[in-house]
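A short write-up of the structure that comes next.
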């Protein structure tokens with residue numbers, strides 16, 4: 001066989017595949033797309049069928065030259081980018097840019113990087129699927145049109161450096177709408193009644209917890225019920241036992257992996273995708289961008305053998321899952337271990353954790369149902385309509401629970417471990433204690449990354465592969481939202497306790513509405529959302545965004561022309577943009593008077609050029625303080641506003657020098673000697689501790705010395721975190737990293753490949 005050139009999109013993937021192929025194959029990486037729309041202009045010919053104008057980025061020109069040379073010398077060029085729409089587009093761009101010939105070019109796809117999968121793909125090549133390419137182009141063009149036309153509107157009508165996007169803005173609206181829902185929610189008090197019973201005929205220490213089947217609206221009615229209980233003779237009035245099954249969850253799709261990794265591992269969505277990418281490229285898991293829950297017969301049989309050999313045949317149950325979502329590609333597989341017999345892998349702690357999660361989920365999906373015996377007992381007294389409920393579950397057969405339990409977004413009561421004594425109808429239940437405690441109705445929960453992903457998928461907005469960059473844009477790039485905690489509101493609640501025939505009243509402090517790791521809208525995010533909803537309702541409509549995704553699916557299936565889809569959207573959209581640009585209406589936040597400080601100064605919350613702030617006083621001595629992350633003009637309290645003026649504050653000392661936390665024009669920062677160090681976005685300057693401040697100061701010092709991330713070949717190659725982002729330094733020259741490259745994980749071989757395939761930056765012309 002003559003020379004074969006295989007082109008993949010990732011250097012790590014190239015290295016793994018090269019191991020499976022002989023000397024007749026040369027595997028090269030394109031480092032993602034080798035051409036794209038120009039970042040500086042629209043790059044779409046609106047008048048000519050919305051034809052994209054692709055360019056080769058400067059950092060890819062040498063790479064393209066080298067690939068052209070390799071392709072010219074090869075007998076066959078194998079385009080082996082990923083099997084999704086993005087991967088198909090990468091192959092098409094390679095075909096067009098490298099000037100490849102149809103007769104010597106073959107497209108191959110595989111969902112796992114194994115020798116068998118690679119060789120099978122080579123034996124079964126196909127042509128580039130232009131329907132998939134068109135679907136990717138349609139998405140890219142539509143998103144470019146929306147971003148390039150809406151963003152200037154925001155610059156003119158609100159403030160510079162803002163952005164809008166088809167999926168980004170809708171996701172932001174979900175978060176803003178939920179925050180408004182919470183602010184409008186009125187907590188209502190009620191009294192919940194619980195009891196502790198001692199069943200007749202059981203040892204003295206045997207106690208059973210029960211909850212009354214009704215709530216009381218106020219303390220008076222709750223107290224009246226407790227009075228009815230004094231001297232009452234409680235007994236079991238009914239017992240229901242029902243056996244049921246619990247079923248294992250399906251293997252992971254991209255979305256469910258993102259959600260479960262967030263719940264169980266506390267990984268961000270972007271972190272999950274980054275780690276999964278590495279696992280895939282090293283041949284450890286199947287392709288991690290999929291909406292299919294399907295498993296191959298090989299995977300199912302391997303899982304069955306493992307389960308039977310390690311747990312017993314009774315634990316095995318062969319299952320084949322089908323995806324309900326529209327556009328799901330059942331030919332693809334769910335995310336699973338490449339080799340199910342490998343229970344562990346070598347790698348970073350994070351890689352090991354994610355692999356273990358994927359492995360357990362996959363194997364558990366092929367295990368038997370768990371059999372659960374649920375018991376519901378009613379306890380009442382003569383002349384009393386209300387009944388106490390005693391509920392418990394007993395695991396009769398653990399099945400898949402032996403290996404894996406799916407996480408939940410909401411706190412759940414685990415009653416599987418509650419073992420009840422043997423009880424019968426009519427048995428006396430002695431009340432040891434009955435309590436009526438004040439509770440409050442709960443507002444809807446704010447979105448976490450996991451619940452936002454779940455909601456976006458339910459609504460059909462975007463694709464799971466786009467969720468990570470969407471969240472990153474909203475948080476880090478634009479600051480529309482921040483990820484943080486809500487401390488909640490402290491309330492003094494009443495508690496009535498009936499014990500030994502007497503009712504005692506007590507109080508305690510309870511925090512309601514506290515949340516951790518939630519997505520909190522910032523004031524600028526609310527302003528942008530309100531303006532877009534008012535002026536571009538179609539773009540911000542959940543149903544419209546979902547319908548567009550369905551159109552992309554139809555394009556991918558060859559049922560629609562992508563140009564016509566774009567035209568139908570763009571004509572009225574562009575007209576709307578022009579009308580909005582010419583209007584005199586601007587987006588802004590309404591100022592709000594918060595209250596009066598103890599010194600008599602009025603506090604007003606406002607929005608200015610540098611964000612939301614509180615103004616104290618209205619004379620020449622007036623003071624200003626920026627709102628903390630998660631605080632909003634429409635909801636900040638007087639107490640919270642007064643705390644903002646506690647800055648600057650001394651956090652502690654480092655090397656005998658005070659560390660002072662304060663706020664400036666561009667946000668909160670630390671003063672340490674003659675150094676000013678900005679606090680990371682989302683950090684509360686009133687709560688930041690000495691440990692965090694010390695780490696930031698040390699990090700700043702390291703950055704000033706060059707910010708070296710990694711060194712190779714006795715420092716001949718350095719990966720450096722520079723002022724404008726990470727880069728490679730070699731032999732006195734600097735090299736840009738290709739877009740999407742993770743500087744933290746670059747190997748020496750990858751660095752050498754980047755150096756070999758790119759031009760050094762900042763070359764100076766020699767003077768004659």
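The values are calculated or read from the model by the stated rules, or taken from the named source; none is laboratory data. Keep in mind that this is a model prediction, so the values were computed, not measured. So basically every Cβ, Gly included, is an ideal-geometry build from the backbone, and we count neighbours across all protein chains shown.
So residue 205 passes all but one of these: (1) in a helix (DSSP H, G or I); (2) at pLDDT below 95. Which condition number does it fail?
(1)
Would you be able to tell me the number of residues in region 97-139 that are within 30 Å of residue 51 (Cα to Cα), part of a loop (DSSP other than H, G, I, E, B) and in contact with a strand residue (DSSP E or B) (Cβ under 9 Å, 6 or more places away or on another chain)?
Step one: list which residues in region 97-139 are within 30 Å of residue 51 (Cα to Cα), which gives 97-109, 125-139.
Retained after the next criterion (residues that are part of a loop (DSSP other than H, G, I, E, B)): 98-101, 108-109, 125, 127-129.
From what's left, in contact with a strand residue (DSSP E or B) (Cβ under 9 Å, 6 or more places away or on another chain): 98, 100-101, 108-109, 125, 127-129.
The number of residues fulfilling the criteria is 9.
Whether any residue in region 311-329 is closer than 30 Å to residue 28 by Cβ and not in a loop (DSSP other than H, G, I, E, B) is what I want to check.
Residues of region 311-329 closer than 30 Å to residue 28 by Cβ: 329.
Cutting the leftovers down to not in a loop (DSSP other than H, G, I, E, B) gives us none.
Checking region 311-329: not a single residue is closer than 30 Å to residue 28 by Cβ and not in a loop (DSSP other than H, G, I, E, B).
I need a count of the residues in region 140-176 that are touching a residue at least 40 places away in the same chain (Cβ under 8 Å) and under 21 Å from the mean Cα position of the chain (by Cα).
14
Picking from 351, 344, which residue would you name as being touching a residue at least 40 places away in the same chain (Cβ under 8 Å) and out of contact with any strand residue (DSSP E or B) (no Cβ under 8 Å at 6 or more places or on another chain)?
When all the criteria are applied, what remains is 351.
Report, by residue number, each residue of region 396-415 that is in contact with a strand residue (DSSP E or B) (Cβ under 6 Å, 6 or more places away or on another chain) and either surrounded by 17 or more Cβ atoms within 10 Å (Cβ to Cβ) or modelled with pLDDT of 90 or more (or both).
Initially, region 396-415 is screened for residues in contact with a strand residue (DSSP E or B) (Cβ under 6 Å, 6 or more places away or on another chain), giving 396-401, 415.
Scanning region 396-415 gives 396, 397, 398, 399, 400, 401.
Is it true that some residue in region 2-18 is modelled with pLDDT under 95, assigned to a loop (DSSP other than H, G, I, E, B) and out of contact with any strand residue (DSSP E or B) (no Cβ under 9 Å at 6 or more places or on another chain)?
no
Here are some residues: 86, 103. Which one is touching a helix residue (DSSP H, G or I) at 6+ places or on another chain (Cβ under 7 Å), modelled with pLDDT under 95 and not assigned by TED's automatic domain parsing to the domain that holds residue 734? Talk me through it step by step, then tell me what you get.
On the way: 103 fails: touching a helix residue (DSSP H, G or I) at 6+ places or on another chain (Cβ under 7 Å).
Just a single option satisfies the conditions, and that option is 86.
Just the residues that are within 17 Å of residue 4 (Cβ to Cβ) and surrounded by fewer than 22 Cβ atoms within 10 Å (Cβ to Cβ), please, taken from region 79-97. Even if it seems obvious, please write down each step before you answer.
Quick first cut of region 79-97, residues within 17 Å of residue 4 (Cβ to Cβ) only: 79-81, 91, 94-95.
If the condition is that a residue be within 17 Å of residue 4 (Cβ to Cβ) and surrounded by fewer than 22 Cβ atoms within 10 Å (Cβ to Cβ), then 95 is the only one that fits.
Would you be able to say whether some residue in region 419-431 is under 30 Å from the mean Cα position of the chain (by Cα), part of a loop (DSSP other than H, G, I, E, B) and crowded, with 18+ Cβ neighbours inside 10 Å?
Initially, region 419-431 is screened for residues under 30 Å from the mean Cα position of the chain (by Cα), giving none.
No, region 419-431 has no match at all.
Mind listing whichever residues of region 178-187 are touching a residue at least 60 places away in the same chain (Cβ under 8 Å) and either crowded, with 18+ Cβ neighbours inside 10 Å or touching a helix residue (DSSP H, G or I) at 6+ places or on another chain (Cβ under 9 Å) (or both)?
Within region 178-187, 178, 179 meet the criteria.
Name the single residue that is surrounded by the fewest Cβ atoms within 10 Å (Cβ to Cβ) among those in region 599-658 being touching a residue at least 40 places away in the same chain (Cβ under 8 Å) and assigned to a strand (DSSP E or B).
Here the answer is 652.
Keeping to region 361-397, report how many residues are in contact with a helix residue (DSSP H, G or I) (Cβ under 6 Å, 6 or more places away or on another chain) and in a strand (DSSP E or B). Before you say what the answer is, go through the steps one by one.
Quick first cut of region 361-397, residues in contact with a helix residue (DSSP H, G or I) (Cβ under 6 Å, 6 or more places away or on another chain) only: 363-364, 366-370.
Then drop every residue that is not in a strand (DSSP E or B), which leaves 367, 370.
Qualifying residue count, region 361-397: 2.
Have a look at 247, 311, 306, 267 and point out the one that is buried (at least 24 other Cβ atoms within 10 Å of the Cβ) and modelled with pLDDT of 90 or more. First the steps, then the outcome.
Numbers: 247 fails: buried (at least 24 other Cβ atoms within 10 Å of the Cβ); 311 fails: buried (at least 24 other Cβ atoms within 10 Å of the Cβ); 306 fails: buried (at least 24 other Cβ atoms within 10 Å of the Cβ).
The conditions single out 267.
Quick one: which residue in 193, 170 is in contact with a strand residue (DSSP E or B) (Cβ under 9 Å, 6 or more places away or on another chain) and over 30 Å from residue 91 (Cα atoms)?
Numbers: 170 fails: in contact with a strand residue (DSSP E or B) (Cβ under 9 Å, 6 or more places away or on another chain).
Answer to the selection: 193.
Looking at region 31-70, which of the residues that are assigned to a helix (DSSP H, G or I) and surrounded by 21 or more Cβ atoms within 10 Å (Cβ to Cβ) is nearest to the chain's Cα centre (by Cα)?
Of region 31-70, the ones assigned to a helix (DSSP H, G or I) are 58-70.
Filter once more, keeping what is surrounded by 21 or more Cβ atoms within 10 Å (Cβ to Cβ): 60, 63, 67.
On the way: 60: 31, 63: 33, 67: 36 Å.
Residue satisfying both the conditions and the ranking: 60.
Could you go through region 254-266 and let me know if any residue there is within 24 Å of residue 461 (Cβ to Cβ), in contact with a helix residue (DSSP H, G or I) (Cβ under 9 Å, 6 or more places away or on another chain), free of Cβ contacts under 8 Å to residues at least 60 places away in the same chain and assigned to a helix (DSSP H, G or I).
Initially, region 254-266 is screened for residues within 24 Å of residue 461 (Cβ to Cβ), giving 254-263.
Checking which are in contact with a helix residue (DSSP H, G or I) (Cβ under 9 Å, 6 or more places away or on another chain) leaves us with 254-263.
Right, trim to free of Cβ contacts under 8 Å to residues at least 60 places away in the same chain and you get 256.
Next cut, assigned to a helix (DSSP H, G or I) only: 256.
For region 254-266, residues within 24 Å of residue 461 (Cβ to Cβ), in contact with a helix residue (DSSP H, G or I) (Cβ under 9 Å, 6 or more places away or on another chain), free of Cβ contacts under 8 Å to residues at least 60 places away in the same chain and assigned to a helix (DSSP H, G or I): present.
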